[in-house]
Protein chains: 2
Amino acid sequence: MTSEDKVLIFDTTLRDGEQSPGVALNVEEKLEIARALERMRVDFIEAGFPASSPGDLESVTQIAKQVRGSAIAGLARAVQADVDACWEAVQHAEHPRIHVFLSSSDIHIMHQLERDKERVLEMARTMVAFSPMDATRSELEYVYRMLTECIDAGATTVNIPDTVGYAIPEEFGDFIRKIQENVSNIHKASISVHCHNDLGLAVANSLTAVTAGARQIETCMNGIGERAGNASLEEVVMAIKTRPDYFHLSTSIDSTQIHRTSRLVSQLTGMSVQPNKAIVGVNAFRHQSGIHQHGITKMRQTYEIIDPAEIGLPHGTTLVLNKNSGRHGLKSRLDDLGYEITTAELDRVFVAFKELADKKGEIDDRDLDALVSGERRTVEEVYKLDLLQVSCGNQAIPTATVRIIGPDGRPSESTSTGTGPVDAAYRAINGLIGVPNQLLEYTVNSVTEGIDAQGEVTVRVEAHDRTFVGRSADTDIVVASAKALMNALNRAIAQAPREPQEAWSNP
Amino acid sequence: MTSEDKVLIFDTTLRDGEQSPGVALNVEEKLEIARALERMRVDFIEAGFPASSPGDLESVTQIAKQVRGSAIAGLARAVQADVDACWEAVQHAEHPRIHVFLSSSDIHIMHQLERDKERVLEMARTMVAFSPMDATRSELEYVYRMLTECIDAGATTVNIPDTVGYAIPEEFGDFIRKIQENVSNIHKASISVHCHNDLGLAVANSLTAVTAGARQIETCMNGIGERAGNASLEEVVMAIKTRPDYFHLSTSIDSTQIHRTSRLVSQLTGMSVQPNKAIVGVNAFRHQSGIHQHGITKMRQTYEIIDPAEIGLPHGTTLVLNKNSGRHGLKSRLDDLGYEITTAELDRVFVAFKELADKKGEIDDRDLDALVSGERRTVEEVYKLDLLQVSCGNQAIPTATVRIIGPDGRPSESTSTGTGPVDAAYRAINGLIGVPNQLLEYTVNSVTEGIDAQGEVTVRVEAHDRTFVGRSADTDIVVASAKALMNALNRAIAQAPREPQEAWSNP
């Protein structure tokens, strides 16, 4: 199926990435990321781990039903119930895939699957993953045997994970070479790799594996994932693209979608991207100011190995709209940005757009992203913030008054003091909404430059033993903070507590 | 001097790191980072580029005078004036070092230095850097010749930069090997590497170079630096430390200083560290919540290749002080944290500590870091914020009143409305302080968990064609925002506009 010089991208932002501590996406958000991944033309979208929770089952099912273009994969332990749940979800996809993972103790299960070979084949390509990185000579033999058996059982891709991010590139490349030398039926399968970044080497390990013969890389957008994350999609893809002289390989990724997809994932997961992040950090294509324009121009040619346009970074100013812009102008710009927006959504976004344009005049693409995010992705607002009124200062006792409309449509009010305006507002809100919670993280970033910029607030709260992310943007950061907390609490109310997960290990 | 299995760490956080877009450290801040690097036992601290500005000359001089233990290096182009300025600054160091860099067109200058050989020798070890990465066969020959001549001229270390972050690990390793095969006098010098991270490969390239025979790595804390930054100190060091079975090498770094140094650099530069950053990201040792405690315990053993204590990450809760804690308790905790604090500083920190403890009760190490940062590192307050009073809300026009004490000791007041409380406060402040400026970036992070946490505000403003960072922490984020802007503007006032820099290129 794949030509010799094609590297497939198996993106697991929605599975391993979603396992990042504190990340919690709902079905709508997962769908939106899946659509962005599809636009970027990833070969496989690992949409979740259907057996892990009803929420995951539901979101994998929805993605399988609604996303075309990319193949849709689900993760499953090598137990019948997991494989069944996974198939239930991914069967709706144009190209379904089940990604089975085994620890070494699970090998008898694979025999069981083998007995049911027809069923396995019906489920199309099965992938196998295991964790052999502390491999001594004898363990290597075991790994070869497992791979041989899995391929005999019908696996067309075998995935080699560096689960703990322990491998060094040269060593990992050698391992991939040895697998090709020692697994007799390896020509019937393609080798995939799944590298973790605990030592900062996930991308290098993935690339070395590819030069050693692997033809699929498991990635996450922005390199998110458990602990220090996974190989970053954008780095792997752009390294292969920037150095064709070295790799003689290509991917099918539309790299111009990288910038926006990175922003989307960062926004929805609440996982920030540091300024010096390769490819997608804000500094990646920005040179120190204070050097003459001549120098910058000269440096751009001398020092930039990637044209910013290749990742879809807009050149120059992105200013497009102002308060005189009409509904049509807004719609047309949102179309350009790739938003598939319903008429009802457009109505809400347009109202918010007019309000914002009244306040700050010039509205650029980043403002629009924040607006759409705010008006579109809110969960059902069981509780609505009707009024917020705050006073504070360095010689004042911060005081907040809030009025909230409850599920019964009735307003109720509360006033509270606090250590600051956000604390006061949160105490007042918590006094009205009976969801015990603890604030774990609170961040504000300005959406654009300038003192009149919108502040984008992300909060992470723990409630019902789970983490919920709340987001909101407003030119008033105290208002945005209150709305972000309301957003998180409405999410907590919307989702029934997930059943406790077993302690399981995966790639 | 160096044993065969020792890799030297040449840290350039204060030179290449400080060239990160938007970073601007003053002398005090550079000294504080230099002291932290010394505590971490880096072999070389590249303290700046003395010829680039009087500020850099001054800070390299101060670091050379005050920091012992690590050797102190300065960067210089291969021109007499640069080398002289560099020597003027580093001569005060216990172990001075001049880091000369050449582009290929500069080779005649090296001849000039060679003629003045005694002077070069007096300046001790000279380092040479150049940019040969697009190397074709003929360019390689040229590189070999340059290296040979530089070593003949007295260089005891030659530094091979991948200036544009274009190299792939295996390729870069081969290049280091070829240098050893083709430069006849290479045995008289040690090979250093300086890798940039544009493709996410700086750490892997550095490590591959070391396995190929290099014995020095140029690093930045948190991997900061121009564009996507440099090889990250913590990743390079912990890879070598975690995999002695593979590298058979060591560094002299005290890894338990990594966590605090990372925080310090992030705080002072305003360069955030993403949660999934290897080694120092907040998630690096954090597992997804929602998995049973049993699972976490099991996973910690199974999945963590580094004990968090190895990087100095405190185990368990870091809560230590409350409002009943006395001056002595505070001093003792600050000592434990490694702060060398004067009595006058302690006085100010103690007052701020009491105020904060009154507001939020429990004060942990992160709060103390923020307090010390606020009370200690402020520049001279030409303008002081005396009073701030703000009202805002979702149905209000945000309004701020400020009273500022000017350089003449007289108070003046101003009131402004704005699109939010921060905008209103900033307009009022700008109305009183006549420094035209533009806000480039605005971020708030909570220092600790909980709704009563301090918000740490970082702003970046452009004034006099330069960037200034302002920081402040307070439980009231509007107050912290106002103080952060005042901090940035006082910096702008304190520092005379730096003379425009030429467009120069460096490693």
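The values are calculated or read from the model by the stated rules, or taken from the named source; none is laboratory data. Only a predicted model underlies this, so the values are computations on that prediction, with no experimental measurement involved. Reconstructed Cβ throughout: ideal geometry from the backbone, glycine too, with neighbour counts over all protein chains shown. These area figures cover heavy atoms from the full protein model, side chains too; ligands, DNA and RNA do not enter into them. Shrake-Rupley method; radii C 1.70, N 1.55, O 1.52, S 1.80 Å.
Over the whole of A:453-459, what's the average partner chain Cβ count within 10 Å per residue? Rounded to a whole number, please.
Taking all residues of A:453-459 together, the mean is 3.
Tell me, what HN-Hα J-couplings in whole Hz come from the Karplus equation 6.51 cos²θ - 1.76 cosθ + 1.60 at θ = phi - 60° for each residue of segment B:245-254, using x for Gly and Pro?
5, 9, 7, 6, 9, 8, 10, 8, 5, 7
Mind checking how much accessible area B and A bury in total, 1.4 Å probe, in Å² rounded to 100?
The buried area between B and A, both sides summed, comes to about 9200 Å².
Only sites in a loop by DSSP and with at most 16 other Cβ atoms within 10 Å count here; which trypsin sites (Lys or Arg not before Pro) in segment A:334-421 make the cut?
Sparse-neighbourhood loop trypsin sites (Lys or Arg not before Pro): A:Arg377.
Expected output is a single nm value to one decimal: the length gained when fully extending between A:Gln438 and A:Glu304, i.e. 0.36 nm times separation in residues minus the C-alpha distance. What is it?
Difference between extended and current length: 43.8 nm.
If amide hydrogens are placed 1.01 Å from N in the peptide plane, which non-local residues have theirs closer than 5 Å to the one on B:Glu441?
Long-range HN contacts for B:Glu441: B:Arg460.
Report ³J(HN,Hα) in whole Hz for each residue of segment A:74-82, in order, from the Karplus equation J = 6.51 cos²θ - 1.76 cosθ + 1.60 where θ = phi - 60°; Gly and Pro get x.
Residue by residue, segment A:74-82 yields x, 8, 8, 5, 7, 10, 4, 4, 5 Hz.
In whole Hz, what ³J(HN,Hα) sequence does segment A:386-399 give by Karplus (6.51, -1.76, 1.60; θ = phi - 60°), x for Gly and Pro?
8, 9, 9, 9, 9, 10, 7, x, 6, 10, 10, 8, x, 9
Within 10 Å of each Cβ in peptide A:164-172, how many partner chain Cβ atoms are there on average? Round it to a whole number, please.
Per residue, the number of nearby Cβ atoms from other chains is 6 on average.
For A:Lys277, list the lysines whose Cα falls under 16 Å from its own Cα; do not include residues on the same chain fewer than 8 positions away.
Within reach: B:Lys277.
Determine one quarter of the surface area of the Cα convex hull of segment B:1-46, which equals its mean projected area, and express it in nm² to one decimal. Before the final figure, lay out the partial values.
Details: hull surface 15.1 nm².
Its average projected convex-hull area is 3.8 nm².
Quick one: if you take sqrt(5λ) for each eigenvalue of the C-alpha gyration tensor of segment A:380-507, what semi-axes come out, biggest first, whole angstrom?
Three semi-axes, in Å: 26, 19, 14.
For segment A:424-466 and segment A:392-412, write down the distance between their C-alpha centroids in whole Å.
14
What are the semi-axes of the equivalent ellipsoid for segment A:135-232, taken as the square roots of 5 times the Cα gyration tensor eigenvalues, largest first, in whole Å?
So the three semi-axes of segment A:135-232 are 23, 14, 12 Å.
Could you calculate the contour length gain from B:Glu355 to B:Ile405, that is, 0.36 nm times the residue separation minus the distance between their Cα atoms, to one decimal place in nm? Could you put the intermediate results ahead of the total?
Values: separation 50, 0.36 × 50 = 18.00 nm, distance 2.16 nm.
Full-extension gain reported as 15.8 nm.
How much accessible area does A:Glu380 have with a 1.4 Å probe, in Å² rounded to the nearest 10?
140
Given the C-alpha centroids of segment B:271-286 and segment A:200-259, what is the distance between them in whole angstrom?
One Cα centre to the other: 20 Å.
Please work out the C-alpha center-to-center distance from segment B:37-68 to segment A:1-66 and express it in whole Å.
48
Can you list, shortest first and in nm, the gaps between the label point of A:Val351 and those of its counterparts in the other copies, using a point 7 Å from Cα in the C-beta direction?
Copy-to-copy label distances at A:Val351, shortest first: 5.0 nm.
When we measure straight from the Cα of B:Lys360, which lysines land under 21 angstrom away, once same-chain ones fewer than 8 places off are left out?
Straight-line reach from B:Lys360, under 21 Å: B:Lys323, B:Lys331, B:Lys483.
Let a ≥ b ≥ c be the square roots of the eigenvalues of the Cα gyration tensor of segment A:350-428; is it rounded (a/c under 1.5), or, if not, prolate (a/b larger than b/c) or oblate? Intermediate values should be presented prior to the final figure.
Working: a/c = 2.58, a/b = 1.35, b/c = 1.91.
It is oblate, given that a/c is not under 1.5 and a/b is not larger than b/c.
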